[in-house]
1. Between Arg33 and Met238, 0.36 nm times their residue separation minus their Cα-Cα distance comes to what?
2. Please check: in the Gaussian network model of the chain (C-alpha springs, under 10 Å), which one of Asp189, Asp143, Asp134 has the largest mean-square fluctuation.
3. With the cut-off at 15 Å, report for the stretch 70-119 the share of all Cα pairs above it, as a whole percent.
4. Find out how many positive minus negative residues lie around Cys211, taking Lys and Arg as positive, Asp and Glu as negative, among other residues whose Cβ is under 10 Å from that of Cys211.
5. Any chance you could run the full-extension gain for Ala139 through Gln199? It's 0.36 nm times the residue separation minus the Cα-Cα distance, nm to one decimal.
6. If you take the beta carbon distance between Leu77 and His303 as r and set R0 to 41 Å, what does 1/(1 + (r/R0)^6) give as a FRET efficiency, to the nearest 0.05?
7. What is the Å³ per residue value for the convex hull set by the Cα atoms of the stretch 160-316?
8. Distance between the C-alpha centers of the stretch 258-304 and the stretch 1-79? Whole Å please.
Amino acid sequence: MTKILILGGSGFVGRHVCAKLANIGAYVTVPTRRRGNAQALQTLPLLDVVEADVHDPAQLKALVAGHDAVVNLVAILHGTPQAFERTHVTLMRNLIEACQSQGVKRVVHVSAMGVSEPASAAPSNYLQSKSAGDALLRASGLDWTVLRPSVIFGADDKFLNLFARLQQVAPFMPLAGAHAKFQPVWVEDVAQAVVNALQHGHTKGKVFEACGPEVYTLAQLVQLAGNASGIPGGRTVMPLPQWAGQLQAMVMEHLPGEPLMSRDNLASMRVDNVATGLPGLQALGIQASALSAIAPGYLGRHHPLRRNDDLRANTR
């Protein structure tokens with residue numbers, strides 16, 4: 001393992017993977033549509049940022065050439081059925097063809113909990129497309145490893161941080177999918193799992209579930225985020241019935257920017273996002289970190305007193 005191509009390397013998980021690969025002296029290539037998207041990575045040693053469109057088959061083949069392995073982190077949570085198909089299925093098909101044509105056998109793919117066989121059995125466009133992409137890779141004849149994480153948390157996540165910010169202004173939290181279950185996993189553990197999978201041949205042809213040691217409902221995660229950000233116990237959560245949750249999600253879909261919740265997200269939450277009994281992080285040599293031990297440390301920055309301290313520090 002000397003030269004690694006990372007698709008999605010400038011994203012949330014990708015930045016952590018790149019840093020860990022840099023620490024072990026791997027040469028890393030990160031393609032991105034705009035070089036500025038990977039600005040945080042450009043100081044890492046042995047890392048090359050390349051402007052390219054990974055959805056273009058010809059460019060993808062050129063990117064794959066000369067690498068020893070590929071890590072695929074490209075994914076979306078929101079979009080049309082066509083967008084999910086393009087991102088999770090068509091890209092995977094193109095990646096397989098690129099690897100086969102360029103003689104690159106090793107692929108580590110970060111998928112998601114809740115995939116199913118057949119793909120059509122999955123309850124959402126997101127999970128159907130994820131399932132179909134997984135199936136393509138597992139049938140490809142390549143030396144693949146698939147990681148299926150639950151919801152990923154970390155200092156720069158867009159999940160718990162968003163709930164913490166919302167509770168600074170909202171008097172209560174009307175919440176769709178409040179009883180859905182998750183087994184949150186730290187981004188550092190997911191990144192280490194990718195590195196360990198690349199380093200150890202025994203992971204080839206295997207699926208690993210990347211989950212933390214604790215299970216929470218969505219409502220409990222919201223309350224934890226509020227409590228850690230200075231609201232004792234968090235704001236009161238008002239679980240919404242299915243019809244009201246669908247209406248809330250539909251409204252959010254039409255607001256500017258990336259929605260907090262979509263109807264497809266709600267459909268995905270019909271399947272609990274928890275381990276099902278496949279090998280986990282421990283099988284990759286990782287003792288998973290608990291959300292309760294990590295998240296309060298970074299969510300506390302949303303506390304009003306902490307924000308005032310940061311403001312004063314910045315004005316000195």
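Any read-out appearing in this document is the output of simple, stated calculations on the displayed coordinates, not a laboratory observation. Nothing here was measured: the structure is a model prediction, and the numbers come from that model. A quick note on method: Cβ atoms are made from the backbone with ideal geometry, for glycine too, and the neighbour counts reach across all protein chains shown.
1. Using 0.36 nm per residue and subtracting the Cα-Cα distance, I get 69.7 nm.
2. Maximum among the listed residues: Asp143.
3. Summing the P(r) tail past 15 Å for the stretch 70-119 gives 53 percent.
4. -2
5. So the chain would gain 19.4 nm between Ala139 and Gln199.
6. About 0.90, to the nearest 0.05.
7. Considering the Cα atoms of the stretch 160-316, their hull volume per residue is 155 Å³.
8. Between the Cα centre of the stretch 258-304 and that of the stretch 1-79, the gap is 24 Å.
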